[in-house]
Amino acid sequence: MAKVYVFDHPLIQHKLTYIRDKNTGTKEFRELVDEVATLMAFEITRDMSLEDIEIETPVCPAKSKVLSGKKIGIVPILRAGIGMVDGILKLIPAAKVGHVGLYRDPETLMPVEYYIKLPSDVEEREFIVVDPMLATGGSANVAIDSLKKRGAKHIKFMCLIAAPEGVDAVKAAHPDVDIYIAALDEKLNDHGYIVPGLGDAGDRLFGTK
Ligand code: PRP
Ligand code: URA
């Protein structure tokens, strides 16, 4: 069964408050999303495996640990997921980056896929699918489906703000995918927006609308 982690680190919660604030402008919003993505990447990589290697310090030979195990792939859901990529790459600079392009049809709220490009060694990688918002869960589920169809076997999903409806939808469709959230909000409104949320993540990030 999928595990759900809600990060309650004070720095994440503090920065999230200003991300939510409607008076925060595009430049600051972008910087804060980038910073929170870095902090979340620190937490999400906690279970990475390590191995011992032999090195020599200036004092003596020593065994010391380096990362081992699967290579990482980061997959932002376009558009808004792009805002989280650089923040994660600061901690995992060797990760490869794929892209899944989806938008929600404003009438049906159903996601429509318009682009996908993944690293060629899909089966070897552990993927982190990123999007600031998990609302109905439709976009996350279609993105995860697309990765699985192309052979991905190890997937985590990471977002800034989730609605309970979205968490339940991803858990039901993908019980093998753990979910990492900075804040679990109250509900969705009639337009499929998260309440209290932060508004439209793509528009706030890119200054559109
Ligand atoms: C937003 C957001 C998610 C999706 C979440 O994207 O970035 O991808 O909605 O909603 P869901 O959980 O109900 O699917 P949007 O469709 O507005 O596209 P954009 O990033 O291009 O603005
Ligand atoms: N997409 C957004 O950008 N914001 C929401 O609250 C829900 C979906």
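The values are calculated or read from the model by the stated rules, or taken from the named source; none is laboratory data. Keep in mind it's a predicted model, so treat the numbers as computed, not measured. Methodologically, a virtual Cβ is constructed for each residue, glycine included, from the backbone with ideal geometry; neighbour enumeration extends over all protein chains shown. Accessible surface is based on the protein model in full, side chains and every heavy atom, while ligands, DNA and RNA are left aside. Shrake-Rupley method; radii C 1.70, N 1.55, O 1.52, S 1.80 Å.
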- Rg in Å to one decimal, and Dmax rounded to a whole Å, for the stretch 51-147 via C-alpha atoms: 18.1, 67
- Query: Which far-off residues, 5 or more places away or on another chain, put their amide H under 5 Å from the one on D178, with H placed in the peptide plane?
  - Reply: K3, F157
- Item | 3J(HN,Hα) from dihedral phi, the stretch 16-25, Karplus parametrisation 6.51/-1.76/1.60, rounded to Hz, x for glycine, proline | 4, 4, 6, 5, 5, 4, 5, 7, 7, x
- Item | Proximal aspartates and glutamates relative to K27, as straight alpha-carbon distance under 19 Å, when same-chain residues fewer than 8 apart are discounted | E35, D86, D131, D200, D203
- Query: How high is the relative contact order of the chain, in percent, with contacts defined as C-alpha pairs under 8 Å that are six or more residues apart?
  - Reply: 23 percent
- Message: What does the net charge come to around D121 if you take all other residues with beta carbon closer than 12 Å to its beta carbon, with K and R at +1 and D and E at -1?
- Response: +3
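Per residue, how many Å² of accessible area does the chain show with a 1.4 Å probe?
Values: 10940 Å² over 209 residues.
With the other protein chains kept in place, the chain gives 52 Å² per residue.
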- Message: Only bridges whose two residues both fall in the stretch 25-118 count here: according to DSSP, what percent of them are antiparallel, nearest 5?
- Response: 75 percent
- Message: What does DSSP give for the chain in terms of the percent of beta bridges that are antiparallel, rounded to the nearest 5?
- Response: 35 percent
- Taking the Cα centre of the chain as origin, sum charge times position over the Cβ atoms of Lys and Arg (+1) and Asp and Glu (-1), and report the length of that vector in debye to the nearest 20. 300 debye
- With the full set of protein chains in place, find how many percent of the accessible area of the chain is carbon and sulfur; take the probe as 1.4 Å. 54 percent
- Provide the FRET efficiency to the nearest 0.05 for the K153-A62 pair, computing r from the beta carbons and using R0 = 35 Å. 0.50
- Query: Cβ under 12 Å from A37's Cβ, A37 left aside: what net charge do those residues give with Lys, Arg +1 and Asp, Glu -1?
  - Reply: -3
- State the percent of C-alpha pairs, over all pairs in the chain, separated by a distance greater than 21 angstrom. 53 percent
- Query: Got the relative contact order for the stretch 1-82 handy, in percent, Cα pairs under 8 Å and 6 or more residues apart?
  - Reply: 18 percent
- Message: With the cut-off at 29 Å, tell me which of the pairs K65/K117; K22/K148; K22/K90 have Cα atoms farther apart than that.
- Response: K65/K117; K22/K148
- Item | Cross-link partners of K153 among aspartates and glutamates (Cα-Cα below 15 Å; sequence separation of 8 or more within a chain) | D121, E123, E124, E126, D145, D176, D178
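Using Cα-Cα distances under 8 Å and only pairs 6 or more residues apart, what relative contact order does the stretch 54-111 have, in percent? Mind showing how you got there, number by number?
Details: 52 pairs, mean separation 17.1, N = 58.
Averaging sequence separation for qualifying contacts and normalising by length gives 29 percent for the stretch 54-111.
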- Query: If you count the DSSP beta bridges with both ends in the stretch 80-179, what percent of them are antiparallel, to the nearest 5?
  - Reply: 40 percent
